[in-house]
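The values are calculated or read from the model by the stated rules, or taken from the named source; none is laboratory data. All figures in this text were calculated on a predicted structure; none of them were measured in a lab. Cβ atoms come from the backbone with ideal geometry, glycine included; neighbour counts cover every protein chain shown. Each accessible area value is taken on the protein alone, full model and side chains, heavy atoms only, with ligands, DNA and RNA left out. Shrake-Rupley method; radii C 1.70, N 1.55, O 1.52, S 1.80 Å.
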Amino acid sequence: GAGVSQSPSNKVTEKGKDVELRCDPISGHTALYWYRQSLGQGLEFLIYFQGNSAPDKSGLPSDRFSAERTGGSVSTLTIQRTQQEDSAVYLCASSYQGAEAFFGQGTRLTVV
Amino acid sequence: KQEVTQIPAALSVPEGENLVLNCSFTDSAIYNLQWFRQDPGKGLTSLLLIQSSQREQTSGRLNASLDKSSGRSTLYIAASQPGDSATYLCAVLYSGGGADGLTFGKGTHLIIQP
């Protein structure tokens, strides 16, 4: 594709529900990153996939968060039993090896 | 763990001025350093990428330098314009492994006054 695509762009969910956020990286990019940005805050690293290697999940804020990357391409970030503090913009980026990283426009998650 | 610091946190200058944004990192074993721009409510736009073997990169009115030994990078913006108003973020890719991904500073919020 032309760039990194994230869906949905906006998601409003009720507290306690599960949500899935999707990231389609640029075709051929081996690395994929997930970040979270709360209102007025900096970027919080969540998880990083490089090729077929197992990701380091230590950046995930709680065991309610999980992420997978199928076939080395599309990635989904799942948040179970959402809480109000999960409200943020979730950003995805991809790069080829360690080259320039490109970001998607993000998914704005609001937990009510 | 790599830490990235950006100074100043906020900057407001009149249109036309040249300005410098600063970024410092704690571990010099980096793979590359990247500068991004973020407009309110938007994602990040890549501005410049400097590989660890390079000392600077230029794109239009932007020039980024890298000094690995001192753990510093600067972003120079020439002849600033109101459209340059945004948050500028510096990110370092640590060469020791990808577990931390790109490590970001908290950004410099720049306002260019017309």
Seminar exercise, completed: Expected vector for the stretch A:27-44, Karplus 3J(HN,Hα) from phi with 6.51, -1.76, 1.60 and θ = phi - 60°, integer Hz, x for Gly and Pro, equals 4, x, 6, 8, 9, 9, 10, 10, 10, 10, 10, 7, 3, x, 10, x, 7, 9
For this session: Translational diffusion coefficient, Stokes-Einstein: compute it for chain A using the Kirkwood radius over C-alpha pairs as Rh, at 4 °C and 1.567 mPa s, and state it as an integer in µm² s⁻¹.
Result: 93
Problem set entry | Percent of Cα-Cα distances greater than 19 Å, calculated over chain B | 41
Exercise. Cross-link partners among lysines for B:Lys1, C-alpha distance below 29 Å, same-chain residues fewer than 8 apart left out?
Worked result: A:Lys57, B:Lys42, B:Lys68, B:Lys106
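Please report the carbon-and-sulfur percent of the accessible area for the protein assembly as shown; probe 1.4 Å, protein heavy atoms only, DNA, RNA and ligands left out.
Carbon and sulfur: 47 percent of the exposed surface of the protein assembly as shown.
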For this session: Might you report the magnitude of the Cβ-based charge dipole of chain B about its Cα centre, with Lys and Arg at +1 and Asp and Glu at -1, to the nearest 20 debye?
Result: 140
Seminar exercise, completed: Scoring the stretch A:1-87 by relative contact order with C-alpha pairs under 8 Å, at least six apart, yields a percentage of 32
Exercise. How much of the DSSP beta bridge set in chain A is antiparallel, as a percent to the nearest 5?
Worked result: 90
Problem set entry | Residue-normalised accessible area of the stretch B:11-88, given per residue in Å² at a 1.4 Å probe | 46
Seminar exercise, completed: In the stretch B:22-55, the residues losing 30 Å² or more of accessible area (1.4 Å probe, heavy atoms of protein chains only) relative to their chain alone are B:Gln34, B:Gln38, B:Gly43, B:Leu44, B:Ser46, B:Leu49
For this session: Take the Cβ-Cβ distance between B:Leu11 and B:Gln81 as r, set R0 to 22 Å, and report the resulting FRET efficiency rounded to the nearest 0.05.
Result: 0.95
For this session: Starting at the first residue of the stretch B:48-65, write each ³J(HN,Hα) from the Karplus equation 6.51 cos²θ - 1.76 cosθ + 1.60 with θ = phi - 60°, in whole Hz, x for Gly and Pro.
Result: 8, 10, 10, 6, 5, 7, 9, 10, 7, 9, 10, 8, x, 7, 9, 9, 10, 10
Exercise. Given Cα pairs under 8 Å that are at least 6 residues apart, what percent is the relative contact order of chain B?
Worked result: 37
Problem set entry | Estimated Rh, the stretch B:1-57: Kirkwood, alpha-carbon pairs, angstrom | 13.5
Exercise. Between B:Ser46, B:Pro14, B:Ala79, whose Cα lies farthest towards the positive end of the dipole of chain B when Lys and Arg beta carbons carry +1 and Asp and Glu beta carbons carry -1, centred on the Cα centre?
Worked result: B:Ser46
For this session: Give the dimensionless ratio obtained when the Cα radius of gyration of the protein assembly as shown is divided by 2.2 N^0.38 Å.
Result: 1.01
Problem set entry | For the stretch A:19-82: span of alpha carbons on each principal axis (Å, largest first) | 32, 24, 20
Exercise. Average partner chain C-beta neighbours within 10 Å, per residue of A:92-105?
Worked result: 5
Seminar exercise, completed: Between chains A and B, total accessible area buried, probe 1.4 Å, no ligands or nucleic acids, nearest 100 Å², roughly 1500
Problem set entry | Those residues of the stretch A:1-40 whose amide nitrogen sits under 17 Å from the label point placed on A:Ala99, 7 Å along Cα→Cβ | A:1-4, A:25-33
